[in-house]
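Please read the structure below before turning to the comments.
The values are calculated or read from the model by the stated rules, or taken from the named source; none is laboratory data. Here the structure is a predicted model, which means the values were calculated and not measured. Every residue, glycine among them, receives a Cβ derived from its backbone with ideal geometry; neighbour counts consider all protein chains shown.
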Amino acid sequence: MSFQATPRLADGVTVVEISGRILLGEGTARLRQLLRDLLADGHRHILLNLAGVSYIDSSGIGELVSGLAAVRSHGGELKLLHLHRRLRDLLQLTRLYTVFDVHTDEETALRSFR
Amino acid sequence: MALTRRIEVTLETQLDSVDLGEQIALRVAGAAGFDEEERHKIGMAVREGIINAYQYGNRQQRGKKIFLNFELAPDRLIVEVLDQGTGFDLQQIPDPLAEENLLKTSGRGIFLIRCFMDELDVQRGPHGGARLIMTKRYPPHLRSDLKPGPHRETPRRSD
């Protein structure tokens with residue numbers, strides 16, 4: 001399944017429902033473009049809902065890290081919501097679970113931006 | 001005597017080869033009897049190996065090839081990924097878990113291969129380039145070298 005992203009606003013936070021695969025190539029390119037576009041449009045508080053992400057590779061992880069740095073460099077925050085077990089395992093293996101602010105329910109995630 | 005089966009695949013240096021190589025790896029791992037979780041790990045390790053060959057070995061140069069070999073030994077699956085680059089030293093790869101590397105956007109592929117496979121070695125290929133050799137042992141109930149009685153005899157396939 002190819003990468004798809006649907007942004008919406010909730011309590012001043014841009015929540016992006018992402019589904020598909022974030023792999024080297026189309027998936028990573030589209031995630032990069034998505035975050036660039038959001039930042040260009042002035043979005044600074046971004047919550048990526050990754051519940052629909054079925055697969056991610058090292059390039060996809062790199063793109064998340066790149067996105068985190070880009071949002072922080074604009075004075076914003078990028079957080080993650082609803083990680084699939086394998087993605088959570090990958091972030092734990094790579095010690096990135098401590099770098100990203102990861103949430104398991106949207107309400108708590110939205111509150112954390114305040 | 002248990003025999004070894006071997007499959008050799010030559011891939012073009014293009015993005016599609018990453019998915020193709022992974023799909024082949026999943027089929028081979030399935031045929032070898034690995035369960036779904038282990039197949040996922042093997043597939044991902046092979047994917048990362050091919051990404052390494054595509055990006056850093058062959059530097060996306062279309063004229064170069066990536067060689068993907070599978071060896072179904074009696075007790076383990078051995079996967080080799082060879083590129084036509086300049087090779088690299090495994091000891092020189094920065095540790096992606098080090099504090100100073102945590103926020104780097106690349107450099108996790110080799111680490112993930114190590115996590116997902118039982119062994120990883122990097123040698124110089126016969127024509128230069130890097131030769132990644134990754135190994136995954138079969139679970140005990142699948143190991144023909146541990147089975148009592150006569151071993152399965154499978155004709156060796158070699159191209």
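Observations on the structure shown:
- Failed item, numbered, when A:GLY62 is tested on (1) in contact (Cβ under 8 Å) with a residue 12 or more places away in the chain; (2) in contact with a helix residue (DSSP H, G or I) (Cβ under 7 Å, 6 or more places away or on another chain): (2)
- Among the residues examined, A:LEU64 does not qualify as part of a strand (DSSP E or B), under 11 Å from the mean Cα position of the chain (by Cα) and within 14 Å of chain B (Cβ to nearest Cβ).
- Criterion violated by B:ILE110 - all others in (1) at pLDDT 95 or above; (2) in a strand (DSSP E or B) satisfied: (2)
- Scanning the range A:31-54 for residues that are over 10 Å from the mean Cα position of the chain (by Cα), at pLDDT 95 or above and within 14 Å of chain B (Cβ to nearest Cβ) yields a single hit, A:ARG32.
- Residue match in the range A:75-84 (condition: more than 10 Å from every other protein chain (Cβ to nearest Cβ), without any contact (Cβ under 8 Å) to a residue 12 or more places away in the chain and out of contact with any strand residue (DSSP E or B) (no Cβ under 9 Å at 6 or more places or on another chain)): no
- Residues in the range A:85-114 that are more than 9 Å from every other protein chain (Cβ to nearest Cβ), part of a helix (DSSP H, G or I) and of a type outside the set (Val, Ile, Thr): A:ARG85, A:LEU87, A:ARG88, A:ASP89, A:LEU91, A:GLN92, A:TYR97, A:GLU106, A:GLU107, A:ALA109, A:LEU110, A:ARG111.
- Within the range B:105-134, if we keep just the residues that are within 13 Å of another protein chain (Cβ to nearest Cβ) and of a type in the set (Lys, Arg), the residue that is surrounded by the most Cβ atoms within 10 Å (Cβ to Cβ) turns out to be B:ARG108.
- Residues being more than 14 Å from chain A (Cβ to nearest Cβ), charged (D, E, K, R) and either touching a Gly at 6+ places or on another chain (Cβ under 8 Å) or without any contact (Cβ under 8 Å) to a residue 60 or more places away in the chain (or both) - total across the range B:1-39: 2
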